[in-house]
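> Structure provided below as C-alpha cells; questions to follow.
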Amino acid sequence: MDIEFDQPIFVISVAAELADMHPQTLRQYDRLGIVSPSRAPGKSRRYSQRDVTMLREVQRLSQEGVSLEGIRRILQLENQVAALQRRVTELTEELGRRRQPLDARVFAAGTAGDVVSLARGKRPRPRSQALVVWRPRTPE
C-alpha cells in the first residue's frame, strides 16, 4: 500500500519522532506558520510526509544559523517559486496547443481600438491608419 506524500496521516508525536524533534517544537512552528499541518475533526494536528520533510529542512536551516523568521521567509519564497514554475509549465503547454493556429493569423488594431483577425498577407479594409501586429516566422 502506497501512502501519498501529501496525505495527512501522522499524529504530532509520530511526526516529531520522524523529524527528530520535540512535539512542542512542532506546535511552535505551527503557531509561527512555518509548518502548518492539517487538522483532524477533533482539532488535532495531522502531518503528511511532505510536512515531515519540511520539518527536517527547517531543522537543517536552523542548525546552519538561520533565524525562524528567515526560515519562514525562505519556505514562503520556495512555495512561491514552485507555484510560478507550475504556472509557466501550464502556459507553455497552452501555447504549444495554440501555436499552430496562431502562426496562420495576423491581428490588426484600428484607430478606434477594434481588433481584427486577418489572413496572412492581407491588409485591413478600407485602407486606414490601422497598426498591423505580426511576428516573423523563425526557421524550425
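> From D30, D6, which residue is in contact with a Ser or Thr (Cβ under 7 Å, 6 or more places away or on another chain), exposed (fewer than 14 other Cβ atoms within 10 Å of the Cβ) and on the phi < 0 side of the Ramachandran plot?
D6
> Report the residue count in segment 7-53 for those that are in contact with a helix residue (DSSP H, G or I) (Cβ under 8 Å, 6 or more places away or on another chain), more than 16 Å from L75 (Cβ to Cβ) and among the charged types (D, E, K, R).
The total comes to 3.
> Have a look at S38, S67 and point out the one that is among the polar types (S, T, N, Q), surrounded by 12 or more Cβ atoms within 10 Å (Cβ to Cβ) and over 14 Å from A16 (Cβ atoms).
S38
> Can you name every one of the helices (runs of 4 or more DSSP H) wholly within segment 1-111 that holds 2 or more residues which are aliphatic (A, V, I, L, M) and at pLDDT below 90?
Output list reads 68-103.
> Next up: Only residues in segment 53-70 that are in contact (Cβ under 8 Å) with a residue 24 or more places away in the chain and within 21 Å of I9 (Cβ to Cβ) count as the first member; pair them with residues that are of a type outside the set (G, A, S) and in a helix (DSSP H, G or I), Cβ under 6 angstrom, at least 6 apart or cross-chain, and list the lot.
Filtered contacts from segment 53-70: V58/I71.
The values are calculated or read from the model by the stated rules, or taken from the named source; none is laboratory data. Remember, predicted model here, so these are calculated numbers, not experimental data. Neighbour counts are summed over all protein chains in view; Cβ atoms, including those assigned to glycine, are modelled from backbone coordinates with ideal geometry.
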